[in-house]
Structure formats: C-alpha cells, structure tokens
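The values are calculated or read from the model by the stated rules, or taken from the named source; none is laboratory data. Everything numeric in this text was worked out from a predicted model, so none of it was measured. Cβ: placed from backbone, ideal geometry, glycine included. Neighbour counts: every protein chain shown.
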C-alpha cells in the first residue's frame, strides 16, 4: 500500500511564490523590504555583521589565550587493558598497535574506569590516582615516561 500513502492533510503547504503581482500579498519587493544588503541579490550577510556598529565580538574584552603548543593526552581506561596478558609490558607503541590510541608518539594518560586483567607493567606519560591504585593492587606497576 506504499503507492497510496499521502502526507497528513494540512501538513504540507505549497511554497510561497513571491513577486507575482500586487494581489498576491508579496509583490514588488517580494518580502525583502526596501534597500540594504538584505534586498540585494546574492546577499551574504553574516550574523556578526552589525551594519557600521562595532560588532559585539569586538566590543567584549579579550581574556586569556590558547596555547597552540599544548598537546592534549590520548586517554585510555584501565578496563581497556584487559586484552593484555598478565605480566605484559604496555606502552604507547603497544597501545597504538592494539588500536587503543591513534599515535605512539603523542602522550598517553591512563584513567581508572574498569578493572585490569592481571599484573601489567604500564609505561605512560600520565596516570590518575585511581588507575595507579587499581594496577598496583592487581600486582602490576606504573612507570611515568617524560613527554
């Protein structure tokens, strides 16, 4: 019965045809008002433009800066390390090979969500307190590598 399906009555309205005579209710200027950027063809009027007034973004004070040199760490949870056998040595290269992080050269941070599978020797750039406690309670060790 797909061939007989129709939208609900009144849910679809015909598109407004502007500039079709005085009686149409949208003639002459076609709902664009008179003059100005909005009335012109090919109008590209960006939201931050305020027509001569200093834009809001420029009126507000500037604060702080963005450190472009900062490299945010790649995050791995303790639960994700369950795939490694007990006694295994886990570092950034091993994690990248396993697909847990994108790059072996960028810093890695270990977080404490989940449970470790066994005693692992983990070498990462940063570690949360709960992650360190879980690894060490399972008989493993955590070594911090300089970034």
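A few remarks follow.
- Residues of segment 82-95 that are surrounded by 15 or more Cβ atoms within 10 Å (Cβ to Cβ) and in a loop (DSSP other than H, G, I, E, B): 84, 88, 91.
- Unique match (being on the phi > 0 side of the Ramachandran plot and touching a strand residue (DSSP E or B) at 6+ places or on another chain (Cβ under 9 Å)) among 87, 112: 87
- The sole residue among 69, 98 that is within 30 Å of residue 143 (Cα to Cα) and surrounded by fewer than 10 Cβ atoms within 10 Å (Cβ to Cβ) is 69.
- Only residues that are surrounded by 10 or more Cβ atoms within 10 Å (Cβ to Cβ) and either more than 29 Å from residue 51 (Cα to Cα) or in contact with a strand residue (DSSP E or B) (Cβ under 6 Å, 6 or more places away or on another chain) (or both) were counted across segment 22-38, and they come to 1.
Residue-by-condition table, conditions (1) touching a residue at least 40 places away in the same chain (Cβ under 8 Å); (2) assigned to a loop (DSSP other than H, G, I, E, B); (3) surrounded by 15 or more Cβ atoms within 10 Å (Cβ to Cβ):
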site: 80; (1), (2), (3): no, no, yes
site: 105; (1), (2), (3): no, yes, no
site: 110; (1), (2), (3): no, no, yes
site: 136; (1), (2), (3): no, no, no
site: 146; (1), (2), (3): no, yes, no
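- Segment 41-61 residues that are at pLDDT 90 or above, paired with ones that are surrounded by 10 or more Cβ atoms within 10 Å (Cβ to Cβ) (beta carbon under 9 Å, 6 or more apart): 55/49; 56/50
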